[in-house]
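Computed from the coordinates by the stated procedures, all read-outs in this text should not be read as laboratory data. Worth saying up front: this structure is predicted, and the values here are computed from it rather than measured. FYI the Cβ positions are ideal-geometry reconstructions off the backbone, even for glycines, and counts take in every protein chain you see.
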Amino acid sequence: MNEIYIALPFIQFAISAFLAVLVLMSNPTDRLNRLFTLFLVMMAAWGITIFAMRDAFPDAATAYTREKWALAVIPFSSIFFLHFVLRYTRSKHGSLALYAFYSIGVASAILSLGGYTATGMVEKFYGFAPELGWAFPLVLMASYPAVLWSLVLLQRASKNEQSTQRRQQMLLLKLGVMASVAGATTDFFPSLGLNTYPLGVVGNIFFIVLATYGVTRYKMMNLRLMLRRGMAYSAVSSFLFGVYGICIGIVLLVTRDLSPIASVLFGAGTVLIVGVTVQPVMQRVQAVVDRAFYRERHDRISALARLNDLTKDITDFPTVAEGIVTTVREAAQVDWVAVLLPSHDGKAFISVADTREASPHFELSATGSAISKMKRFGEMLTFDPTIGDSASDAENVVTDDDREMALFEQLDVRMIVPMIAAGNLAGLLTGGRKLVGSGFLDEDVEFVKTAAGQAAVAARNASLYAAARKEVSERSALAELGRVVSSTLDLETVFERCAEQVRTLLPADRIAIALADDEGQRFEYTYVSGIPVPGWDRGATDAIASSPLQPVFEYHSGITLGMTDDPESGPLHGMREASVDVGLNSLMAVPFIARGRVIGALVLESRRARAYLGEELALAERVAGQIVNAINNSRQFVQAMELAVANEAKIKLDAENLELQRLNEAKIKFLSTVSHELRTPLTSMLVFASLLI
């Protein structure tokens, strides 16, 4: 009988058993790995029973007993593969049909062991073939529909799959399954009277080779790491045993003529000497083996070293973040990686770096279920939509929020790692599915946590550096504002130069200064710079009570308005509507307060949505405090000038009054003198006149 014909099933058994051990060891807790292990075990059982049957030739009775076991095992290889495909493709339907297949498989196995699917063995040109019984169609019902359904599921999933990696994996699975089905079909042709060579084992081996190629080329599971680990252990152990084996051989050769005590002493001395001398060599051998078989470990160490170099630069964190996500993606072997940092208002975490070419908008609420759970447990969260409701523990569910769950499924999120620095959550490191294997190993989790820690320190340092730079810039700009305010009393010059400084501190596409009238009923735009708004240029006036600036004047506090403002407040005011029409989506206004009274407002508008938050509002109020000083100085100067003019007029009037008084006194004195001088001669004349009469 052909030795190759007998050996082929054993090759199937050996390869299947070897891969089954590797798959199970790669991640024993992963359900997908366990299902694939069961499938490989059934393939190994198929191979070993067929090998035992062929090896029994020419004993027909023994061959028949072993063939019954083979027919009992064969359906379960198809059923376990279907179960694996259902989970691998994340199919949400098919549970009832799967249970039906298991029931048919159990019934088929019982009937096969009872001798109803095959009634005996028939000798062919190559060996034995089973003589089919009345229950044999049950074997076909348990095997072929399950495999065909698996092919349909793989075909549907590959059409909807976005990842090229998974499409290649599914293609390999489909090709392997088709080869296995075609080969298994030929196994039954001889029983139907056709003189053909059974190729089922060849098809199975072809399928296993394709699966192995998928493991090594397309990284279907975590087998490559386990394979390297096993080979590394084998290499180191072989070297060690080889060295000591040679030493033992030399000892036996040298001490064969010595007494037992001398042989023992000589052997012990040799072992000690070899143990001391082989240690440095073992270190070098271990280093070589590590470089050859533990490339992932060296890649991670190199990646951490690169991260350490990257995170030293705190002046440009966006560039650093791009380097971080790229390095983590390559080292952790995940589909994509993104870094999320807190928003300005601290209400959400927003993506600032993403390895995907078309980076989607990724935003998580800071008070959401996922973030709250991460803060509570302080651990990395992993997400697998294929688990469903099987993970009942709270720790195993990444979020209790259906909206967050839908977002994770949409963006294909598989991990969320907290970036913790100084006890605070500085950001999030998120990633997609594993390109190697179906889950995260302990080595992956440890590396990603370490990388997240380095990224957190970098983010915190960059944030502190940016805050320090911003504080310096703000102080410098405010100092410049103070200098401008004190250098001139011309309000137009002050407003223009203040606007220049405001643009360096705050996002502003339009800057306006509105001053209230003396009665505090209306305001007027006394300065406008930036994007023109029809109807609201310099000189425009409006009633304070009906304008968006009413809260500023009434409550002495700043306001920020978005593009839509408050939807319950009715239509937009004409001032805001005109601004929105020209693309100014955000508005911020802060009061000018002098002596407890609001005398005006600084109005900033920007094209950006949500451009003004609490931090910008506080800074704008500090700027308004400088500008109001200029307004007060100018008004005080005007008042002083008016007072000086009034004083000068009063002094001049007083001088004129003194002069008029002096002239009046001179007139009175003159008239008194004239009256006195005239009275005396007139009196004499009147006396003489009366005497003459």
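Applying 1/(1 + (r/R0)^6) with R0 = 51 Å to the Cβ-Cβ distance of residue 492 and residue 312, what FRET efficiency is obtained, to the nearest 0.05? In this case the efficiency is close to 0.60. Available extension along the chain between residue 99 and residue 59 is 10.6 nm, counting 0.36 nm per residue and deducting the alpha carbon span. Computed from phi, the 3J(HN,Hα) profile of region 66-79 under the Karplus parametrisation 6.51, -1.76, 1.60 (θ = phi - 60°) reads 6, 5, 4, 5, 5, 5, 6, 8, 3, x, 6, 5, 5, 5 Hz, with x in place of Gly and Pro. Charging the Cβ of each Asp and Glu at -1 and of each Lys and Arg at +1, and nothing else, the dipole of region 476-635 about its Cα centre rounds to 420 debye. Ranked by the mean number of other Cβ atoms within 10 Å per residue, highest first, peptides 332-344, 3-15 order as 332-344, 3-15. Seen through its C-alpha gyration tensor, with square-root eigenvalues sorted a ≥ b ≥ c, region 1-139 comes out oblate because a/c lies at 1.5 or above while a/b is not bigger than b/c. Residue separation of residue 664 and residue 358 scaled by 0.36 nm, minus their Cα-Cα distance, works out to 100.4 nm of gained length.
Taking label points 7 Å from Cα along the Cα-to-Cβ direction, residue 691 and residue 90 give a separation of 14.9 nm. Residues whose amide H falls under 5 Å from that of residue 610, counting only those 5 or more places apart or on a different chain, are 563, with hydrogens built in the peptide plane. With θ taken as phi - 60° and the Karplus curve 6.51 cos²θ - 1.76 cosθ + 1.60 applied, the whole-hertz 3J(HN,Hα) list for region 620-628 is 5, 5, 5, 5, 4, x, 5, 5, 5 Hz, x standing for glycine and proline.
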